[in-house]
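**Q** Questions regarding the structure given below will be posed in turn.
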Amino acid sequence: MHKKLSKLFYLICFTSLLFSCNEKLNLIGEFKETAIVYGVLDQADSLHYVKITRAFIGPGNAVQIAQIADSSYFDQVDATITEFVDGIQTRSWTLRDTIIDNKETNGAFYAPEQKLYYFKTLPTNSDQSQQISSNPSMTSLNKDGIYRLNIILNNGEFEVNGETELVKNIATNSSSQNFTFKFADNPGEYKATGVTISNTGNSFVVNASLNVQYYEYNASGTEQKNFDWQLGEGEVNPYGAKTYTAVGETFYTLMQENILSNNSAGVTKRTFGGIEITITGGADDLNNYMLVNQPSSSLAQSKPTYTNLSVTNDRNVIGVFSSRQTVKSYKPFYVSPQQAYLRAIDKKTTRELCQGPITGTYLFCSNHPGDNVVGLEEAYACP
């Protein structure tokens, strides 16, 4: 029993070095320079970022060192991404550095500012075809391209290299113009709507989420509100199918929670706005990296490492250079009086929002043309 407690003490103390353990143990041995690289290309993006930092080691409190930005930066970084199509080099971008200031400040590392490296292109069109620019470097990424990352660190001290193809060909039933969410039937009776990824493309993991939008009216005017709704994430077979379910009762409960958390004063009415559906598929390398870096369920379990990056001159590298594809579709509550048959949520779902037991007291009414036909106005129509 004593031996078990002794082992547990050393394990806890070693883990606590990242937090507050001040025991005077000399754990700084021979240090091998290590690059930490994280980059994920997405053809739907116009700004493509790569984070390039270094592992740090030194005497003193590790938490205090982690709060110093310079301890995580290389003296010199020269990074390029080169595009190959059918084995032929077509374009190359030199990455520029920038400082972002929106990193959360409650983590162990320096914040809110941090340095990233980036290049710009146009995003692909909604049908995944390229947007062509008169400036070839600004033409959107080619879904059939191979992209190679090369990073030269500290004026040639060592290099990091990586390669990825793009995730492509993801398709979903929610992109159909007639797709409608149906969350309720009779009052107080809830239904579910499936969001189906009819083609997962060459992705190995997919995520589905919704952003629900509504409007609040007061004496000062109108304000849009929204909340995110995660439907799920999981591994998939390439070029397969996957369905995530949006449960009706959850829709109304999340709406109620969001309204209560905002605690808006002076609201005279609320109307529904729409739902944006986001499907994201990740490449095999990205999925493997995520799986390896999931929190361990065992206190003493040693975790494997994974990277698809290579490094020269007997240095180390951790991280991943991979890709994902993001497919978005927006379903407005209504488009126009002439297209009253199009709506993000159907009549019964709207009625439940305005009159149901969960959200019926929050002043929702419907301004949808289909609910406001002269002489046939629904009881929940806006006055």
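**Q** Among the listed residues E233, E257, which satisfies the condition of being acidic (D, E) and not in a strand (DSSP E or B)?
**A** Matching residue, one of E233, E257: E257.
**Q** If you go through the range 244-265 one residue at a time, do you hit one that is at pLDDT below 95, in contact with a helix residue (DSSP H, G or I) (Cβ under 9 Å, 6 or more places away or on another chain), small (G, A, S) and crowded, with 19+ Cβ neighbours inside 10 Å?
**A** There is no residue in the range 244-265 that is at pLDDT below 95, in contact with a helix residue (DSSP H, G or I) (Cβ under 9 Å, 6 or more places away or on another chain), small (G, A, S) and crowded, with 19+ Cβ neighbours inside 10 Å.
**Q** Here are the criteria: (1) out of contact with any Asp or Glu (no Cβ under 9 Å at 6 or more places or on another chain); (2) under 27 Å from V212 (Cα atoms); (3) charged (D, E, K, R). Tell me which single one D285 does not satisfy.
**A** Of everything listed in (1) out of contact with any Asp or Glu (no Cβ under 9 Å at 6 or more places or on another chain); (2) under 27 Å from V212 (Cα atoms); (3) charged (D, E, K, R), D285 misses just condition (2).
**Q** Name the pairs: first residue in the range 340-361 and under 10 Å from F272 (Cβ atoms), second residue of a type in the set (D, E, K, R), Cβ to Cβ under 7 Å, at least 6 apart or on different chains?
**A** A344/K331; T349/K182; T350/D371
**Q** In the range 181-214, which residues are buried (at least 17 other Cβ atoms within 10 Å of the Cβ), under 19 Å from R343 (Cβ atoms) and not charged (D, E, K, R)?
**A** Of everything in the range 181-214, those that are buried (at least 17 other Cβ atoms within 10 Å of the Cβ), under 19 Å from R343 (Cβ atoms) and not charged (D, E, K, R) turn out to be F181, F183, A184, Y190, T193, V195, L210, V212, Q213, Y214.
**Q** Does the range 196-230 hold any residues that are on the phi < 0 side of the Ramachandran plot and not in a strand (DSSP E or B), and which are they?
**A** Answer for the range 196-230, where residues must be on the phi < 0 side of the Ramachandran plot and not in a strand (DSSP E or B): S198, N202, S203, F204, A219, S220.
**Q** Kindly indicate which of T34, T80 is surrounded by fewer than 18 Cβ atoms within 10 Å (Cβ to Cβ) and either within 30 Å of D127 (Cβ to Cβ) or modelled with pLDDT of 95 or more (or both).
**A** The conditions single out T80.
**Q** What number of residues within the range 326-375 satisfy the criterion of being farther than 22 Å from F251 by Cα, among the polar types (S, T, N, Q) and at pLDDT below 95?
**A** Total meeting the criteria: 4.
The values are calculated or read from the model by the stated rules, or taken from the named source; none is laboratory data. Note that the structure is a prediction, hence the values are computed from the model and not measured. We place every Cβ from the backbone using ideal geometry, glycine too, and count neighbours over all the protein chains shown.
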